[in-house]
1. Looking at segment 102-114 only, could you name the residues that are under 17 Å from Glu133 (Cα atoms) and not basic (Lys, Arg)?
2. Just one of the numbered conditions (1) among the β-branched types (Val, Ile, Thr); (2) more than 16 Å from ligand 1 (Cβ to nearest atom); (3) farther than 28 Å from Glu115 by Cα is not true of Ile198; which one?
3. How do the strands (runs of 3 or more DSSP E) wholly within segment 129-216 filter down when requiring 1 or more residues that are at pLDDT 90 or above, out of contact with any Leu (no Cβ under 9 Å at 6 or more places or on another chain) and basic (Lys, Arg): which remain?
4. Please find, within segment 184-204, the residue that is farthest from ligand 2 (Cβ to nearest atom) out of those that are among the hydroxyl-bearing types (Ser, Thr, Tyr) and closer than 20 Å to Ala38 by Cβ.
5. If I filter segment 164-180 down to residues being touching a residue at least 40 places away in the same chain (Cβ under 8 Å) and over 10 Å from the mean Cα position of the chain (by Cα), which single residue comes out as farthest from ligand 1 (Cβ to nearest atom)?
6. Could you identify the single residue in Asn217, Asn238, Asn263, Asn254 that is surrounded by fewer than 20 Cβ atoms within 10 Å (Cβ to Cβ), of a type outside the set (Phe, Trp, Tyr) and within 16 Å of ligand 2 (Cβ to nearest atom)?
7. Condition check: basic (Lys, Arg) and within 16 Å of the chain's Cα centre (by Cα). Does Arg149 satisfy that?
8. Where in segment 1-99 are the strands (runs of 3 or more DSSP E), entirely inside, with at least 3 residues that are of a type in the set (D, E, K, R) and more than 16 Å from ligand 2 (Cβ to nearest atom)?
Amino acid sequence: MIELKNIFYSYSANSSENTVALKDINLKINKGEFIGIAGHTGSGKTTVAQILAGLINPSEGEIVVNGESFSDYKSAARALRQKVGIVFQYPEHQLFEETVYRDIAFGPKNKGLNEKEVDECVRKSASLAHLKEELFDKSPFELSGGQKRRVAIAGVLATEPEVLILDEPAAGLDPSGRARLLEELRRIREEGTTVILISHSMEDLAENVDRIILLGNGEKIKDASTSEVFQDVQSLENCSLEIPEITKIIKILNENGMNIPENIFTVEDACDAICKALEVSQ
Ligand SMILES: Nc1ncnc2c1ncn2[C@@H]1O[C@H](COP(=O)(O)OP(=O)(O)OP(=O)(O)O)[C@@H](O)[C@H]1O
Ligand SMILES: [Mg+2]
C-alpha cells in the first residue's frame, strides 16, 4: 500500500555536523498489518514516521502509494496525508483547540461533515480511545499526560486514517494505562486499520506486532516477523536493544535444568510452555 524506496533524509544540509538521519531506507507497509518500528534513540524512527505521514519530504528516494510512484514529493505527501494519521511522540505538539471536543472535531469538520456527523464521529473516536466524555469541555492543556495522549489518539482516529502511526504512545503511562492503550490498538487494528507502533519496549512489540522493522543509525538493520527478529540476538545487540525479559528468564530456567523452547517472547506463551515442561518432567 505504501512503499519507500532508497530513501535518504538530511535535517540541515548546511550544518557542519553529519545530519543524515536516514540512509537508503526501503520498506513496504501492507494493508491490515500491525508493524513495530524499533531502534535506539536517534536511530531515525520519528523521521521515518514523519515521511510516511507526509509531514516531511525525503532528500532522495522514491515514494509509492497504492502502486503509484510520484514524480514530485509534494503530491506524494498529499497522498500520504490522506491515508496516514500520526500520533506524535509528544502529543501536546498536536493539541491546539480550546476544548477537548473541538480538538477531536477538527478533522471531521475539515472534511465537511455536518454537525450531527461530526458529533457521532467525535463520540465514536473518544470511545475507541477510552476517553471519558466528561472531559469534552476541558482544555486539552489542563489534562494529565495520559489523557492528552488519548485526546491526540481520538483526534487522529476521527480523521479515519487507513494507516495509524503512533510514535512511542506508551511513554509516560503507568502499566495499566499502557496495557489499556495496547488493547485499544489491537481493537483498532481488528476494525481494519493498519497500525504502526514505534516503541522502545521490546515487551510491547513482542505482545502485539506481527512484523518488526529495526533501525540503527538511520539504516534499516532488519525487517522480519516478530519471532524472527527476537531470535536474531546479534542484530538486536547491534541496535542496543534487548530481547524481552521473559525470554531471558526462560534461558536462565534452561541453564538450570529445564527444557523450554527458547523462541518464546510473551508472558502468556511462557506460562503455557513452563506448565507443559513441568507436566512432562513429573
Ligand atoms: N529537527 C531536527 N534537526 C536536526 N536533527 C534532527 C532533528 N530531529 C532529529 N534529528 C536527528 O536525526 C536523527 C534521527 O532522529 P529521530 O528523531 O528520527 O530518531 P528517533 O529514533 O525517533 O529517536 P528517539 O528514540 O529519541 O525518539 C538523530 O541523529 C537526531 O539527532
Ligand atoms: Mg523519536
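The values are calculated or read from the model by the stated rules, or taken from the named source; none is laboratory data. Only a predicted model underlies this, so the values are computations on that prediction, with no experimental measurement involved. With ideal geometry, Cβ positions are generated from the backbone for all residues, glycine too; neighbour counts draw on all protein chains shown.
1. Residues satisfying the conditions are Asp103, Ile104, Ala105, Phe106.
2. The single condition Ile198 does not satisfy is (2).
3. So the answer is 211-216.
4. Only one residue fits best here, namely Thr194.
5. Arg180
6. Asn217
7. It is true that Arg149 is basic (Lys, Arg) and within 16 Å of the chain's Cα centre (by Cα).
8. Because the criterion is at least 3 residues that are of a type in the set (D, E, K, R) and more than 16 Å from ligand 2 (Cβ to nearest atom), the strands (runs of 3 or more DSSP E) in segment 1-99 that meet it are 20-29.
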